[in-house]
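Please read the structure below before turning to the comments.
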Amino acid sequence: SEVLSALDEDDFANPVRELLAAVKEVDVFLAGHTHQDQPTWMLSGALCTQASYYGIHCGRVDLSFDVEKGKLVDKRAFTVLMDGRFEVDPAVIESADPTLKKSAEQLARPVCKVTTAIKGSGRNSRLVQILCESFASALKRQNTEVDGVFHGSFGTGEIEPGPKTVADCWEILPYENLLVTAKLTAAELIEIVREDAEESKSDRTLWPFELKLDFTGRVERFTFKGQPVPDGDRRYTIAFNSYDAQSGGRKLMKLAAIVASPAAERRPSGIEARGALIDYLLDRGEIS
């Protein structure tokens, strides 16, 4: 009997079918990290289970064997909610203690002071502007000038006044993303914003452009630095986070196709988004 385990699948592609098609004679497929809890299902004769994320669930497989015949006679797969029924493992906590202490010290490190409440909801909110400014600043330090940034707030909400720490930056940007740049035409930018407008909960903003669409998706206003953006072949260098650039969650498929085209000259920067925000806030000291 063979048990196949996959614990590092990415957020976009879940290659369970491809793996099981390529690897024969698998009895059990035990996978991790998907944005859905999938306790049990059968695929190509293999029993599959896939836990969710953040350690909310743990996949479990029970195998029963006929010892005399040396054969697998029963198999069950399910996921278990990791709630208060389970105590933390003392050995794991002891081993991780030095790292946890170092992490706590870093999370408590001051980065800036917010002098007045920062609005964090809606397109072009002050929080989104700050994020876009921080990404553009980080790219500029790497000698990559961008004309704009396409990004949202991840639903953070309003930032209250007061001192802020690295831990607060983790609340603002909870996901690990790198910055990516691409060179896009005005028509391509319109297509990207038009696609995102279909997602009612999105507050992604094409900063510092002003691109307003009517309810049919027709362009009412499109300006850059106060000047109308003309139709034509000019390409604007735009930054994205790596998740959006590959349409993580499959909500921005047009964006992913446009950015992946050879003409866009897609370039990963190696700059981590949260690190860019932290550096920007440290440089500013106070922000509003």
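The values are calculated or read from the model by the stated rules, or taken from the named source; none is laboratory data. In this text, all values refer to a predicted model and were calculated from it rather than measured experimentally. All Cβ positions, glycine included, derive from the backbone under ideal geometry; neighbour counts span all protein chains shown.
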(request) Please give the strands (runs of 3 or more DSSP E) falling wholly within region 187-281 in which 1 or more residues are among the small types (Gly, Ala, Ser) and within 20 Å of the chain's Cα centre (by Cα). (result) 236-241, 267-272
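When the residues of region 42-55 are narrowed to those that are in a loop (DSSP other than H, G, I, E, B) and within 20 Å of Lys24 (Cβ to Cβ), which ends up modelled with the highest pLDDT?
Taking region 42-55 first, the residues in a loop (DSSP other than H, G, I, E, B) are 44-45, 51-55.
Applying the additional criterion that residues be within 20 Å of Lys24 (Cβ to Cβ) yields 44-45.
Values: Ser44: 83, Gly45: 86.
Applying the filter and picking the extreme gives Gly45.
Being aliphatic (A, V, I, L, M), not assigned by TED's automatic domain parsing to the domain that holds Ala167 and not in a helix (DSSP H, G or I): is that true of Ala77 here? Steps first, answer last, please.
On the way: aliphatic (A, V, I, L, M): yes; not assigned by TED's automatic domain parsing to the domain that holds Ala167: yes; not in a helix (DSSP H, G or I): yes.
In short, yes.
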(message) I need every pair where a residue in region 111-122 that is of a type in the set (D, E, K, R) has its Cβ under 8 Å from the Cβ of a residue that is in a strand (DSSP E or B), sequence separation at least 6 or different chains.
(response) Lys113/Gly162; Lys113/Pro163; Lys113/Lys164; Lys113/Glu286; Lys113/Ile287
(request) Select, from Thr223, Thr216, the only residue that is free of Cβ contacts under 8 Å to residues at least 40 places away in the same chain and farther than 23 Å from Ala136 by Cβ. (result) Thr216
(request) Scan Ser103, Ser121, Ser95 and give me the residue that is within 23 Å of the chain's Cα centre (by Cα) and over 30 Å from Glu199 (Cβ atoms). (result) Ser103
(request) Check Ser134 against each of (1) polar (S, T, N, Q); (2) surrounded by fewer than 21 Cβ atoms within 10 Å (Cβ to Cβ); (3) not in a loop (DSSP other than H, G, I, E, B) and name the one condition it does not meet. (result) (2)
(request) With the checklist (1) part of a strand (DSSP E or B); (2) modelled with pLDDT under 95 in hand, flag the one item Tyr175 doesn't pass. (result) (1)
(request) Those residues that are surrounded by fewer than 12 Cβ atoms within 10 Å (Cβ to Cβ) and in a loop (DSSP other than H, G, I, E, B), I need them from region 56-70; list them, please. (result) Val67, Glu68, Lys69, Gly70
